[in-house]
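Comments concern the structure below.
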Amino acid sequence: MKTTLFLWLCAALWPLAGAEPNQLTPAEKEAGWRLLFDGQTTSGWRSFGKQTFPAKGWTVENGWLKCIAKGRGGDIVTVDEFTDFELCWEWRLPPKANNGLKYFITEQRGAAIGHEYQMIDDTTIKPGKGSTASFYDVLAPKLDKPLKPPGETNQSRIVVQGNHVEHWLNGAKVLQYELGSPEVLAAVARSKFKDVAGFGMKIKGRILLTDHGDEACFRNVKIRALPSPKVGE
């Protein structure tokens, strides 16, 4: 019950109004939020599998972290790792573009494999496990999700607390699942990740922005740690 109330309060308070792009309000700071992108630099990010930021393919333009189409910069990850967290960001794609934000990323797997919040021009695909806000190739979001068209700015949110995960889009919860549950593990077994050890289970990991070869822009990327629920909550 306490965990449910806590998540409800998170939903009620997000997004907290009043801040300029890539800045935190006093209320957000008090609530434990921190920026993962300051709007000016790439501090806090690096290439997957490397200790430096890519020399090409990514840039900062007018307060947006931009993946350049066909820039060949590669995927980028946060320097820090996270376990229980609430993550918010804004994003914008041109028509026909495809990108994703991944979480539970560990470089011990050797490849950039994690749970992916899909971001795509939904007009290019059928509804389902490859559409925007899906747990990519594993679980589909609600069909009536409030997705804005290409070129407009969408707001997304991921909540991970204990084994409970939520995907939000423009203020609406469009997907939720339980890590390690029979339903999730069965869905993983039907996906391209069926042979990835531990996929679908809770792990500590990094946040990753993919380079899918298309243009994608991100801002207001912010995160806060959440308390781990006690047993029985």
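The values are calculated or read from the model by the stated rules, or taken from the named source; none is laboratory data. What you see is a predicted model, and the numbers here were worked out from it, not measured in a lab. Please note: Cβ atoms are built from the backbone with ideal geometry, for glycine as well, and neighbour counts cover all protein chains shown. Areas reflect the complete protein model, heavy atoms only, side chains present, ligands, DNA and RNA absent. Shrake-Rupley method; radii C 1.70, N 1.55, O 1.52, S 1.80 Å.
What the table shows:
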item	result
Per residue accessible area of the chain, 1.4 Å probe, in Å²	48
Kirkwood Rh, angstrom, the range 67-197 [1 / mean 1/r, Cα pairs]	15.5
Karplus-derived 3J(HN,Hα), 6.51/-1.76/1.60, for each residue of the range 94-103, Hz, glycine and proline x	x, x, 6, 8, 9, 7, x, 10, 10, 9
Per-selection Rg to Rh, the chain - Cα, Kirkwood hydrodynamic radius	0.93
Histogram of C-alpha separations across the range 121-211, 5 Å bin width, %	3, 13, 21, 26, 21, 12, 5, 1
Alpha-carbon spread of the range 81-151, three principal axes, descending order, Å	35, 22, 22
Integer Hz, Karplus 6.51/-1.76/1.60 couplings in order for the range 199-205, x for Gly and Pro	5, x, 9, 7, 9, 7, x
Rel. contact order, % - alpha carbon contacts under 8 angstrom, at least six apart, the chain	28
Rg ratio (alpha-carbon, reference 2.2 N^0.38 Å) - the range 12-110	1.17
Residues Ala172 and Lys96, FRET efficiency given R0 of 25 Å [Cβ-Cβ distance, rounded to 0.05]	0.55
Residue-by-residue Karplus 3J(HN,Hα) for the range 120-135, coefficients 6.51, -1.76, 1.60, Hz, glycine and proline x	7, 6, 5, 5, 8, 9, 7, x, x, 6, x, 8, 4, 6, 5, 7
The range 47-143, accessible surface, carbon-and-sulfur percent (1.4 angstrom probe)	50
